[in-house]
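What follows is a short report on a single structure.
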Amino acid sequence: MSRPTFTAITTSDLDAVTGGASSRAATDERLLDKMQRITVAIQDAATQQSAAKANDPMSQIMPIMAMKMMRKT
């Protein structure tokens with residue numbers, strides 16, 4: 001089985017290359033940034049849900065109604 005022959009790449013050919021994989025550090029930094037954004041979004045959603053629940057009169061009266069129903073039986 002013969003080995004393929006490779007031609008040398010000149011520095012001007014390398015300068016013309018665009019795209020491709022970025023450095024690992026930059027990729028890790030982008031991944032960390034995305035994870036932090038997801039974390040903040042989840043925290044914001046939880047805060048909004050808690051605030052909405054605290055202002056809902058039904059959620060405030062529901063435990064009282066449950067206690068009264070338990071006493072009747």
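The values are calculated or read from the model by the stated rules, or taken from the named source; none is laboratory data. Worth saying up front: this structure is predicted, and the values here are computed from it rather than measured. Glycine gets a Cβ as well: all are built from the backbone with ideal geometry, and neighbour counts include every protein chain shown.
Details
- Residues of the range 33-73 that turn out to be part of a helix (DSSP H, G or I) and among the acidic types (Asp, Glu), as a count: 2
- Some residue of the range 48-67 being hydroxyl-bearing (Ser, Thr, Tyr) and at pLDDT 85 or above: no
- Annotation note: Cβ proximity below 6 Å between a residue of the range 24-44 that is surrounded by 10 or more Cβ atoms within 10 Å (Cβ to Cβ) and a residue that is part of a helix (DSSP H, G or I) and of a type in the set (Gly, Ala, Ser) (sequence gap 6+ or interchain) occurs for no pair.
- Yes/no for LYS72 being modelled with pLDDT of 85 or more and surrounded by fewer than 10 Cβ atoms within 10 Å (Cβ to Cβ): no
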